[in-house]
Amino acid sequence: MKKLTFLITLLLATQLFAELTVEKPTVKQSHSFAIVVDKASYNNTKDAILAYRNSIEADGLGCYLIVEDEEPPCTIKKTIIDIYKSEKAFEGIALVGDVPVPMIRDAQHLTSAFKMDPERFKKFSRSSIASDRFYEDFDLSFKFLKQDTINTSLYYYSLTSEGGQIIDKEIYSGRIKPPVDDDSKYQLLEEYLNRIAKQKSEIHEIHNMLTFAGHGYHSESLASWEWDLHSMREQFPQLYKAGNSIKNLNHATSTHMKKIILTELQKTNLDVALFHAHGSDDTQYLNGYPVPRNTAEYINSAKLFFRSKIQGAARRKKDINEYKDYYVKQYGVPRDWMENALADSMILADSLLGASLDIYTSDLEGIKTQPKFVMFDECYNGQFFHSPYIAGKYLFSGGRTIATVANTVNVKQDIWADEFLGLMNQGIRVGEWHKTRVFLESHLIGDPTFHFYSVPAKLVKNLYSEKNEKYWKKLLKDENPVYRGLAVRKLYEINKDIDQLLEIYNTEESFLVRMQAIKCLSFTRSPEFEELLIKSAYDPAEMIRRITAIWMGKVGREEYLPHLAEMMFYDNSERVTRTAKESMGTLNPEKAIEVLEQKITEMPAIAEPKLQSERVLNSLKRNVNWLNNEIINTVQSDTTYKAKKGALRTLRNYSFHLAIDEVCELILDETEELNTRIVAVEVLGWFTFSYDREEIVKTCEELISQNNIDPILKYEAVKTIKRIQAGSNDPVTP
């Protein structure tokens, strides 16, 4: 009888959801979670998987165990949704081992920067984006295209027009995948899971932090870096008190930054490391070549530059003597500076110098990284479907790293990388924080249920699902700016009160809270938001001014031109001045020239305004030619699809609002080539902030009403309407 009862209990605890084996939680908790693991990894690391599950349940989450056996992502997703619907508070999933990877196409508007042309780069694995938003956001709709024939864990999907066009995650996820392809991956996985199962029983607090700003990341603008440091002070105030520490490193402070960082990463008391730099799947780019300090160093630096050009030409099998003749004539340098460029000893020396500047996956061999949480605000460091990959080398180093955040493709620099990061200081799970990251490329790699404890110890639960307006209004008065910033966002989601947001922006001392207020206003795209930009252009916070300059260019109103000119001439941040110049050139370049020339007459003589503005005026004149002759004329002319496509796709990055009417005419022209019209409709979907966006919607609606419209063209028009109506996926990176 006891045996029969046991079998019945076992059958009730284990069910088949679709074709997956699902084991229910062993304990009942108010919130739940799921581990998704492939069958081979489960069979090879079963005890470690169960230890990980038990540690999650001991930490307050009932944990499902889902074992998949070469099932497609859509089957796994259906199972996750079924569990989500059956639970009151299902938080997220851990994707352990070789769980299938969704590769997303036709969704570049959901990234921060990725805009690779799929027609030009035909290899699907290169022009698609690995993204677990597929599993997390149930409102996105995808069409299955194919499975990769070489790496069969990759499944390609197209984002369709039927679902949402912005990311709004129902759950969070974390990838736990070793950075190797052979059978040693099971040992690495087992060691990691057993380690974090033990670590989860410990009390983790944030007492020591490392931040790093790499070469080229801030465009060498110290003003931009300064405001990153202000952000850390507002979000992690305890680090500035005796007994704790925050070490803010900048690439310009040392030519030995690689050794410094690798040393810091091995300190056992380091809790958090934040990297803001450029990167690739196997590299963190830290430093440029050393800046010369005397005549000899300047000469050696120039020789290195020309040797690199000759070495590059040799790799491309070009005529070396032709290249040498060009550089001698163009720069007037001695030919003997390049004579030994291809000597084995010189190639080796130059390679060693280059290798000393950056961190490669090979540098991490034998190094046990210690920070429990690492953020890679860098391109490609999170390509978990490659082996090796940077984030994985940290996670599986055998140190104490539990969770990382990294990107599967390139990422824009002007994202708000540390938005809400201070919530970790309050005990929130890293996965719940990562729910706020709405880019296709951003991934939490490691245990998503990990959390620090606040001081005093307090685990903040259910912050994102709380819908009580009184609760958030009370939190809006909290002394902690992290809580106030979150309250701003939640109140906006509940009541959409524009007047309240304006009041917060105008009265709030915390720049992070002000930034959150104006970001929420940007969701509205209201006249009040557009008017506020004139004030925020002069905000004390560099980040707010920089993002304001971007928004002005995306909205496109000519009344912004004098303020952009003011920012361009007088702002102390190179990033702001450059962004202001770019926005001036896309609003109305001819009018911008007039405004700039007027501004020059108002400037004091000591500023040498004509000297300063000559380059900008020439740039604006090039924009006039670019807009009128290279874009509008091409769009209107009887030319090839390739030429028109090139002109149209320019508008994805450069918001020339004056070209909208011509593009609208093109898409309605039934005599125009179909492929050109499809490209044009997709391009219009990038004008989500434009003052002319309602005209785009009307034009697409008129297009849809045409008789015998091609289904693909109609499909893209529906998608563009939804994109315009929904707004930018993340308005800080429109």
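Read-outs: derived from the displayed coordinates by stated rules, not from any lab. What you see is a predicted model, and the numbers here were worked out from it, not measured in a lab. Don't worry about glycine lacking a Cβ; one is built from the backbone with ideal geometry, like all the others, and counts go over all protein chains shown.
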Which residues qualify? For Tyr64, with a placed amide H closer than 5 Å and at least 5 residues away or on another chain, they are Phe33, Ala34, Ile35
Would you mind checking the tilt of helix 674-684 against the longest principal axis of the Cα atoms of the chain, expressed as 0 to 90 degrees and rounded to 10?
80
Under-5 Å amide H pairs with Ile246, H placed in peptide plane, nonlocal only
Met209
Would you compute, from DSSP H runs of 4+ residues alone, the mean residue ellipticity of the chain at 222 nm, taking -39500 (n - 2.57) per run and dividing by the full residue count, rounded to the nearest 500?
-14000 deg cm²/dmol
Please express the shape of the range 15-196 as an equivalent ellipsoid: the semi-axes are the square roots of 5 times the eigenvalues of the C-alpha gyration tensor, given largest first in whole angstrom.
28, 20, 14
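Which order, highest average first, do 354-361, 221-228, 290-297 follow once you tally other Cβ atoms within 10 Å for each residue and take the mean per peptide?
Order by mean packing, descending: 221-228, 354-361, 290-297.
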Bin width 5 Å, alpha-carbon pairs only: give the P(r) of the range 598-710 as whole percents, running from 0 to the bin holding the largest distance.
2, 11, 20, 18, 15, 10, 7, 6, 5, 3, 2, 1, 0, 0
Magnitude of the Cβ-charge dipole (Lys and Arg +1, Asp and Glu -1) of the chain about the Cα centre, nearest 20 debye, reported as 1520
Determine, for Tyr505, Tyr186, the number of other Cβ atoms within 10 Å of each Cβ, and report the residues in order from fewest to most.
Tyr186, Tyr505
Can you give me the angle between helix 481-495 and the longest principal axis of the chain, using Cα atoms only, in degrees from 0 to 90, rounded to the nearest 10?
90
Can you compute the equivalent ellipsoid semi-axes for the chain, i.e. the square root of 5 times each eigenvalue of the Cα gyration tensor, sorted largest first and rounded to whole Å?
42, 33, 29
With a 10 Å Cβ neighbour count serving as the proxy for reagent exposure, in which order, fewest first, do Ile129, Ile49 appear?
Ile129, Ile49
Of the listed peptides 513-521, 148-156, what is their order by residue-averaged count of other C-beta atoms within 10 Å, with the highest listed first?
513-521, 148-156
Charge tally for neighbours of His251 with beta carbon under 11 Å away, counting Lys, Arg as +1 and Asp, Glu as -1, is -1
Less than 15 Å Cβ to Cβ from Lys591, Lys/Arg counted +1 and Asp/Glu -1: what total charge do the surrounding residues give?
-1
Reachable lysines from Lys645, Cα under 17 Å, same-chain residues fewer than 8 places away excluded?
Lys115, Lys122
Of all DSSP beta bridges in the chain, what percent run antiparallel (nearest 5)?
35
Rounded if a/c under 1.5, otherwise prolate or oblate - the range 295-355, Cα gyration tensor axes
oblate
Calculate one ³J(HN,Hα) per residue across the range 438-447 by plugging θ = phi - 60° into the Karplus curve 6.51 cos²θ - 1.76 cosθ + 1.60, and present them in order as whole Hz with x for glycine and proline.
10, 9, 4, 7, 7, 9, 8, 10, x, 6
Apply the Karplus parameterisation 6.51 cos²θ - 1.76 cosθ + 1.60, with θ equal to phi minus 60°, to every residue of the range 561-572 and state each ³J(HN,Hα) to the nearest whole Hz, in sequence, with x for glycine and proline.
4, x, 6, 5, 5, 4, 4, 5, 8, 10, 5, 8
Would you please give the residues with an amide H less than 5 Å from that of Ala130, counting only those at least 5 places away or on a separate chain, with H modeled from the backbone geometry?
Ile104
Exceeding the 32 Å Cα-Cα cut-off - candidates Lys28/Lys722; Lys247/Lys467; Lys78/Lys200
Lys28/Lys722; Lys247/Lys467
